[in-house]
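Asks: There's a structure below that I have some questions on.
The values are calculated or read from the model by the stated rules, or taken from the named source; none is laboratory data. Keep in mind that what you see is a predicted model, and the values were worked out from it rather than measured. Positions of Cβ are backbone-derived with ideal geometry, glycine not excepted, and every protein chain shown enters the neighbour counts. The area values use the complete protein model at the heavy-atom level, side chains included, leaving out ligands, DNA and RNA. Shrake-Rupley method; radii C 1.70, N 1.55, O 1.52, S 1.80 Å.
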Amino acid sequence: MKITIGEIVKAQGLRGEVKVRPMTDDLVRFGRLSSVLVGGIPFKLRSVNVRGDFVYLSFDGVSDRNAAEVLVGKLVEIDRSQAKKLGEGEYFAVDLIGCKVYLTDGEYIGILNRIDNFGSADIFTVKGVKTVRFPFLKRLGLQYNEYEKTIILDKDRFGEVSCYED
């Protein structure tokens with residue numbers, strides 16, 4: 001199973017470096033990798049630099065801006081075996097996709113089918129009778145059961161932050 005850790009947002013400079021918007025909270029982790037998948041194709045990392053909220057990567061075989069431009073928009077992934085070990089109460093976003101979402105009173109909301117990150121918080125999209133979006137916030141009291149593939153959220157807090165589509 002593959003885990004997405006970033007998206008290439010632009011070519012950087014003239015020597016084939018790319019700018020990556022990370023989709024992980026551990027940017028230092030990029031420096032421990034020797035290779036990644038870009039658009040499903042394996043690439044050996046030549047260099048990794050973290051600057052601010054972005055990661056800059058260069059790959060063997062990508063030596064100029066034109067070659068880097070081809071990679072823009074592609075996802076950077078790793079095999080699950082390369083991922084960090086999770087602690088108690090931690091999970092990967094990819095594991096939440098497909099979970100049934102309920103509120104603390106038992107109300108069924110739908111199936112979590114997408115998680116986007118726009119900077120300040122992950123945005124969960126749940127498809128049910130209606131589509132609902134909400135930011136993942138600790139105060140939602142997310143309870144995840146990996147065996148039953150369920151998520152339970154605090155009903156009151158959910159009502160404060162959720163947005164239903166027509």
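Asks: Towards the positive end of the charge dipole of segment 53-147, with charges on Cβ (+1 Lys, Arg; -1 Asp, Glu), say which of Leu57, Val129, Val72 has the farthest Cα.
Replies: Val129
Asks: Å³ per residue of the Cα convex hull, for segment 51-121?
Replies: Value for segment 51-121: 173 Å³ per residue.
Asks: Report, to one decimal in Å, the Kirkwood hydrodynamic radius for segment 82-166 based on all distinct Cα pairs.
Replies: After inverting the pairwise mean of 1/r, the radius is 13.2 Å.
Asks: Could I ask something else about it? Name the long-range amide H neighbours of Gly16: under 5 Å, sequence gap of 5 or more, or other chain; modelled H, no Pro or chain starts.
Replies: Residues meeting the criterion, in which the H sits 1.01 Å from N, are Asp64, Arg65.
Asks: Also, I was wondering about something else. For the chain, with every protein chain kept in place, what is the accessible area per residue (1.4 Å probe, Å²)? Don't skip to the answer; put the middle values down first.
Replies: On the way: 9770 Å² over 166 residues.
Per-residue accessible area for the chain comes out at 59 Å².
Asks: So what's the back-of-envelope 222 nm ellipticity for the chain, counting only DSSP H runs of four-plus at -39500 (n - 2.57) apiece and dividing by all residues, rounded to 500?
Replies: Result for the chain, helices only: -2000 deg cm²/dmol.
Asks: Using θ = phi - 60° and the Karplus form 6.51 cos²θ - 1.76 cosθ + 1.60, what ³J(HN,Hα) does each residue of segment 18-30 get, whole Hz, x for Gly and Pro?
Replies: With coefficients 6.51, -1.76 and 1.60, one gets 10, 9, 10, 7, x, 10, 8, 8, 10, 5, 4, 4, 4 Hz.
Asks: Another question about this same structure. Check the straight Cα-Cα distances from Lys2 and name the aspartates and glutamates below 14 Å, setting aside those fewer than 8 residues away within the same chain.
Replies: Cross-link targets: Glu77, Asp79, Asp95.
Asks: Then there is this: How big is the chain on each of its three principal axes, counting only the C-alpha atoms and giving the largest first in Å?
Replies: 56, 34, 26
Asks: Something else about it: Relative to the present Cα-Cα distance, how much length would full extension add between Glu90 and Asn49 at 0.36 nm per residue of separation?
Replies: Between Glu90 and Asn49, full extension yields 12.1 nm more.
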